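Heads up: the structure comes next, in structure tokens.
The values are calculated or read from the model by the stated rules, or taken from the named source; none is laboratory data. Computed from a prediction, not measured in an experiment: that's the story for all the values here. Here the Cβ is made from the backbone with ideal geometry for all residues, glycine too, and neighbour counts use every protein chain on show.
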Amino acid sequence: MRRPDPSGRPTIVKIAAALDISPSTVSRAFTRPELLHPDTVAAVKAHALEVGYVPNQLARGLVSGRANAIGIVLPDIANPFFPPLIRSIQHTAHESGLSVFIADSADDAGREQELIHDLGPQVHGIINISSRMASRDLQRLAESHNIVLINRDIADMSRVLVDTAPAIAQAVEQLTALGHHHLAYVGGPKASWSNASRSKAVIDAGRRHGVIVDTYDTRLGSYDEAWEATHALVATGATAAIAFDDVMAHGLLNGFAARGVRTPEDISIVGCDDTLATKTQPELTTIAANLDETARTATNILLAHRGRSRVAATRGVQTAQLLPGGSVGPATAVAR
């Protein structure tokens with residue numbers, strides 16, 4: 001229970017006097033807790049809660065010119081791949097007393113660059129997810145801003161990657177074993193590093209197993225584009241399709257159903273990212289990574305370099321796993 005302070009509003013100075021520590025130590029317990037012993041941080045926050053002290057984050061930002069926050073820049077907040085990452089970043093940042101600012105670039109590299117340029121001076125650092133920018137432009141921004149990348153592999157920058165290649169290879173192997181010798185990869189956004197990585201993984205695995213792989217490019221990697229692609233896929237005779245993500249796989253499922261093509265009896269479908277909030281019918285075979293751990297790793301890298309001029313170059317990898325579902329089955333006798 002909070003007890004009233006008879007001398008007025010609780011302050012950092014009063015908390016410091018009560019605990020026999022310096023006011024700067026109290027301040028660091030809220031702004032830079034990683035610099036203090038955990039017991040000190042716990043004692044400060046416990047006493048602050050007891051007397052009803054709330055740090056004035058806005059005032060601190062006005063003095064320093066920088067909010068006590070980190071930024072997130074991403075290409076499409078409506079895509080279900082991103083909310084789990086945002087939630088984990090927010091939780092990890094909150095544990096260190098930081099808020100989170102979120103900016104959506106709408107898949108526009110120029111807009112993304114503007115957002116980082118404008119947001120950078122206001123925050124301690126930026127987590128840039130699935131960047132659409134040219135590598136040289138990102139490297140230039142990293143010279144003046146703390147940036148950690150998720151799903152973008154640039155050698156001299158700090159990044160955390162979701163590696164789907166092993167699971168894609170496993171999916172192609174299973175499809176081949178089920179008699180599928182003509183596959184299709186339905187791609188995502190053209191500027192996406194993940195799309196290039198997944199396309200290459202499907203093609204390489206198909207080559208190893210001696211199967212035909214057709215690739216279908218899209219502009220945005222949307223549900224509607226996948227739905228429309230089913231018309232061309234039906235004409236090719238492909239018996240299995242691997243989609244860039246689960247949203248596109250859902251578009252394939254419904255597009256094929258509208259054309260009288262059954263899944264998995266007539267065609268098998270594999271998604272990626274395991275991000276659909278509801279189950280499809282049949283339940284989708286997909287590729288899943290630990291997005292919570294991916295985001296937490298990226299956030300901790302950024303927080304560890306808070307206050308430094310540049311985040312050190314590191315490379316972390318989260319390996320995805322193939323999750324079986326009901327959307328994959330044997331190739332039809334005609335196809336075999």
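Run down Ala312, Ala229 and say which single residue is assigned to a loop (DSSP other than H, G, I, E, B) and either buried (at least 20 other Cβ atoms within 10 Å of the Cβ) or in the same structural domain as Phe82 (by TED's automatic domain parsing) (or both).
Working: Ala229 fails: assigned to a loop (DSSP other than H, G, I, E, B).
Step by step, each of Ala312, Ala229 is checked, and only Ala312 is assigned to a loop (DSSP other than H, G, I, E, B) and either buried (at least 20 other Cβ atoms within 10 Å of the Cβ) or in the same structural domain as Phe82 (by TED's automatic domain parsing) (or both).
What do you reckon, is Arg132 of a type in the set (Lys, Arg) and in contact with a Pro (Cβ under 8 Å, 6 or more places away or on another chain)? Explain how you work it out, then say what you get.
Details: of a type in the set (Lys, Arg): yes; in contact with a Pro (Cβ under 8 Å, 6 or more places away or on another chain): yes.
Yes: the conditions hold for Arg132.
Is it the case that some residue within segment 148-157 is outside the structural domain of Glu34 (by TED's automatic domain parsing), in contact with an Asp or Glu (Cβ under 9 Å, 6 or more places away or on another chain), closer than 18 Å to Glu293 by Cβ and of a type outside the set (A, V, I, L, M)?
Checked segment 148-157: no residue is outside the structural domain of Glu34 (by TED's automatic domain parsing), in contact with an Asp or Glu (Cβ under 9 Å, 6 or more places away or on another chain), closer than 18 Å to Glu293 by Cβ and of a type outside the set (A, V, I, L, M).
With out of contact with any helix residue (DSSP H, G or I) (no Cβ under 7 Å at 6 or more places or on another chain) and either within 24 Å of Ile86 (Cβ to Cβ) or buried (at least 21 other Cβ atoms within 10 Å of the Cβ) (or both) as the only criterion, which of Thr278, Thr299, Thr263, Thr286 stands out?
Details: Thr299 fails: out of contact with any helix residue (DSSP H, G or I) (no Cβ under 7 Å at 6 or more places or on another chain); Thr263 fails: out of contact with any helix residue (DSSP H, G or I) (no Cβ under 7 Å at 6 or more places or on another chain); Thr286 fails: out of contact with any helix residue (DSSP H, G or I) (no Cβ under 7 Å at 6 or more places or on another chain).
Checking each option against the conditions leaves just Thr278.
For segment 255-287, give me each residue that is in contact (Cβ under 8 Å) with a residue 60 or more places away in the chain and in a loop (DSSP other than H, G, I, E, B). If you could, list the steps in order and put the result at the bottom.
Taking segment 255-287 as the starting set, the residues that turn out to be in contact (Cβ under 8 Å) with a residue 60 or more places away in the chain are 263-266, 268, 270, 272-273, 275-277, 285, 287.
Listed by number, the residues that qualify are Thr263, Pro264, Glu265, Asp266, Cys272, Asp273, Thr275, Leu276, Ala277.
Checking the structure you have, find out if any residue of segment 146-165 is in a helix (DSSP H, G or I), modelled with pLDDT of 95 or more and over 30 Å from Ala69 (Cα atoms). Walk me through it before giving the result.
Taking segment 146-165 first, the residues in a helix (DSSP H, G or I) are 165.
With modelled with pLDDT of 95 or more added as a condition, the list becomes 165.
Going one step further and asking which of them are over 30 Å from Ala69 (Cα atoms), we end up with 165.
Within segment 146-165 (the criterion being in a helix (DSSP H, G or I), modelled with pLDDT of 95 or more and over 30 Å from Ala69 (Cα atoms)), the answer is yes, since at least one residue qualifies.
Residue check: is Ser130 surrounded by fewer than 17 Cβ atoms within 10 Å (Cβ to Cβ) and either at pLDDT below 95 or under 17 Å from Trp193 (Cβ atoms) (or both)? Break it down into steps so the answer makes sense when it comes.
Details: surrounded by fewer than 17 Cβ atoms within 10 Å (Cβ to Cβ): no; either at pLDDT below 95 or under 17 Å from Trp193 (Cβ atoms) (or both): yes.
Against the criterion (surrounded by fewer than 17 Cβ atoms within 10 Å (Cβ to Cβ) and either at pLDDT below 95 or under 17 Å from Trp193 (Cβ atoms) (or both)), Ser130 does not qualify.
Taking the residues in segment 9-31 that are among the charged types (D, E, K, R) and surrounded by 16 or more Cβ atoms within 10 Å (Cβ to Cβ) as candidates, determine which candidate is nearest to Ala304 (Cα to Cα). Lay out the reasoning, then the answer.
Of segment 9-31, the ones among the charged types (D, E, K, R) are 9, 14, 20, 28.
Then keep just the ones that are surrounded by 16 or more Cβ atoms within 10 Å (Cβ to Cβ); that gives 14, 28.
Numbers: Lys14: 30, Arg28: 15 Å.
Among residues in segment 9-31 that are among the charged types (D, E, K, R) and surrounded by 16 or more Cβ atoms within 10 Å (Cβ to Cβ), the one nearest to Ala304 (Cα to Cα) is Arg28.
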